[in-house]
1. Given the condition part of a loop (DSSP other than H, G, I, E, B), among the small types (Gly, Ala, Ser) and surrounded by 23 or more Cβ atoms within 10 Å (Cβ to Cβ), answer yes or no: does some residue in segment 82-101 qualify?
2. As an exercise: evaluate Ser123 against (1) at pLDDT 95 or above; (2) within 24 Å of the chain's Cα centre (by Cα); (3) more than 19 Å from Leu73 (Cβ to Cβ) and give the number of the one condition it does not meet.
3. When both residues are 6+ apart or on different chains and their Cβ atoms are under 6 Å apart, which pairs have a first residue that lies in segment 53-80 and is on the phi > 0 side of the Ramachandran plot, and a second that is outside any strand (DSSP E or B)?
4. Has segment 151-165 got at least one residue that is part of a loop (DSSP other than H, G, I, E, B) and touching a Lys or Arg at 6+ places or on another chain (Cβ under 6 Å)?
5. Against the conditions (1) buried (at least 22 other Cβ atoms within 10 Å of the Cβ); (2) out of contact with any Gly (no Cβ under 8 Å at 6 or more places or on another chain); (3) of a type in the set (Gly, Ala, Ser); (4) outside any helix (DSSP H, G or I), where does Gly54 fall short? Just the number, please.
6. Hey, Glu224 hits all of (1) crowded, with 16+ Cβ neighbours inside 10 Å; (2) at pLDDT 85 or above but one; which does it fall short on?
7. Restricted to segment 1-29, and to residues that are within 20 Å of the chain's Cα centre (by Cα) and of a type in the set (S, T, N, Q), which residue is modelled with the highest pLDDT?
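The values are calculated or read from the model by the stated rules, or taken from the named source; none is laboratory data. What you see is a predicted model, and the numbers here were worked out from it, not measured in a lab. Note: ideal-geometry Cβ built from the backbone for every residue, glycine included; neighbour counts use all protein chains shown.
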Amino acid sequence: MVGRLHFGTAGIRGEMAAGFNRINDLVIIQTTQGLLRYLKQVHKDLSTCSYVVGYDGRHNSERFALYVANVLLNGGLKVYLFAQVVATPLVSYAVKKYGAVGGVMVTASHNPKKDNGYKVFWSDAAQIINPHDMKITQAILDELEPRPENWDLSKVRQRECCVDPLQDVFDSYVKDILIIMPFLQYAVFRNLNEKASFKMTYSAIHGVGYYYVPKMLASFGFPEKNLVIVEEQVRGKAFWQIILCVCSAVIINGYFLFLL
């Protein structure tokens, strides 16, 4: 209980447990209240502003994201809250796409499974830097008492100003990649991919790729039947009981195995 988690340019990250120096519901609410307080100092009218919130597949990530969205909604912002786990770059991309004033990604990245975190992006879609981090830190300390309404998660996703951007962002992201890197249009060979007979075995290794990789391969023209997904290593397995060695690609009995 001694001290608080340090809020820096990467937001906060730590073990999920009780206490002000751990990641938990209260600390998430306090952090977001401070973030909201600072946003009110920067922007005159938050009712004209929007914010993006995403989360990974770790335990409690979705609930923490709901708390973040709830506090921001109660503060008058429109919130783009992803309906399911998402890769961190898509949160950053969504900030730019929608002209949002910032974004929060609930993730602890490569940290151990007992950890979680809170990564903050500014309106430029980049990770916050000084002086934003210092001013948010002070704003958190100025409003540590959680507002009663910020505890209620019962209807967060049903609120009028809460929008799921998942499909819109993903489709736009794929299109923009082809615009930014036009050579990919000539490397995809959809006409050949549609006729491919080989099998691809895919493992998300308990990450967020299980939704996005099949869709990406489909956009390249590969038939759905060609992809074999390791079901034991997709969502709902956040304690990561299966450990795999790190490899880029390997062919086993005619199957192309790749990990992401």
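1. Filtering segment 82-101 down to residues part of a loop (DSSP other than H, G, I, E, B) leaves 82-87, 99-101.
After this cut, where a residue has to be among the small types (Gly, Ala, Ser) as well, the list is 83, 87, 99-100.
Restricting the remaining residues to those that are surrounded by 23 or more Cβ atoms within 10 Å (Cβ to Cβ) gives 100.
Looking through segment 82-101, at least one residue is part of a loop (DSSP other than H, G, I, E, B), among the small types (Gly, Ala, Ser) and surrounded by 23 or more Cβ atoms within 10 Å (Cβ to Cβ).
2. That leaves (3) as the condition not met.
3. Listed pairs, sorted by first residue: Gly76/Leu46; Gly76/Ser47.
4. First, the residues of segment 151-165 that are part of a loop (DSSP other than H, G, I, E, B): 152-161, 164-165.
Restricting the remaining residues to those that are touching a Lys or Arg at 6+ places or on another chain (Cβ under 6 Å) gives 161.
Yes - at least one qualifying residue is present in segment 151-165.
5. (2)
6. Only one criterion in (1) crowded, with 16+ Cβ neighbours inside 10 Å; (2) at pLDDT 85 or above is unmet by Glu224, namely (1).
7. The extreme case among them is Asn24.
Every residue, every condition in (1) aliphatic (A, V, I, L, M); (2) loosely packed, with under 13 Cβ neighbours inside 10 Å; (3) touching a strand residue (DSSP E or B) at 6+ places or on another chain (Cβ under 8 Å), yes or no:
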residue	(1), (2), (3)
Phe121	no, no, yes
Ala125	yes, no, yes
His132	no, no, yes
Ile136	yes, no, yes
Glu143	no, no, no
Asp152	no, yes, no
Lys155	no, yes, no
